[in-house]
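Asker: Mind looking over this structure? Questions follow.
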Amino acid sequence: MDFISLSNLLLLFSTQQGKIMKRFSLLLCSLVFSLNCFSQALEEHAQPAENQDVSIDKQYVRATPPHAKNSAAFLMLTNNTDKEIKLVAVSSDIAERVELHNHIKEDGMMKMRQVEEVTIAANGNTSLQPGGYHVMFLGLKKDLTEGENVDIRLFFDNGDELNIEAPVKKINMSNKKKHTHTH
């Protein structure tokens with residue numbers, strides 16, 4: 001084998017190896033790019049509550065009897081910052097209108113009123129619960145059956161928006177005291 005044949009053979013080998021390396025490099029870059037896009041999509045879709053200024057816990061929506069037009073959602077809001085934050089709006093596609101409400105005692109009677117905001121103290125909790133603050137769904141588009149889930153979007157005065165999923169639950173009325181008359 002002469003020197004020219006050997007150099008041609010080496011050139012051919014390095015050219016083939018170069019093509020393989022280019023293909024491998026292209027494949028590796030594509031894989032890294034795809035993994036990066038996938039991880040960003042996961043982060044945007046499922047943001048952990050602990051990375052939020054406000055975290056949500058114990059959320060549920062009250063199940064309705066057939067043809068009911070209204071329902072409510074209840075949840076615990078936790079402010080994870082050292083500044084007061086206000087819940088200023090709520091939306092969901094299950095009703096024509098979604099409002100923030102509170103029960104107040106007026107003239108010796110409990111009344112439900114729409115409120116503009118719900119304040120969450122710095123590093124504190126605010127409970128949206130029966131008999132207090134709650135999310136009101138007015139003009140339901142369908143019956144809410146236990147076992148379903150409702151998508152709810154919460155809007156805060158600091159510009160944050162939080163999407164949550166709340167299970168529909170029946171409210172157990174048997175825990176309430178029964179009123180009986182004895183004479």
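Asker: Are any of the residues in the stretch 42-64 assigned to a loop (DSSP other than H, G, I, E, B), over 13 Å from the mean Cα position of the chain (by Cα), loosely packed, with under 12 Cβ neighbours inside 10 Å and at pLDDT 80 or above?
Answerer: no
Asker: A further question follows. All but one of (1) surrounded by 13 or more Cβ atoms within 10 Å (Cβ to Cβ); (2) closer than 18 Å to LYS58 by Cα hold for GLY131, so report the exception by its number.
Answerer: Of the numbered conditions (1) surrounded by 13 or more Cβ atoms within 10 Å (Cβ to Cβ); (2) closer than 18 Å to LYS58 by Cα, the odd one out for GLY131 is (1).
The values are calculated or read from the model by the stated rules, or taken from the named source; none is laboratory data. None of these values were measured; they are calculated from a predicted model. Neighbour counts run over all protein chains shown; Cβ positions are idealised from the backbone, glycine included.
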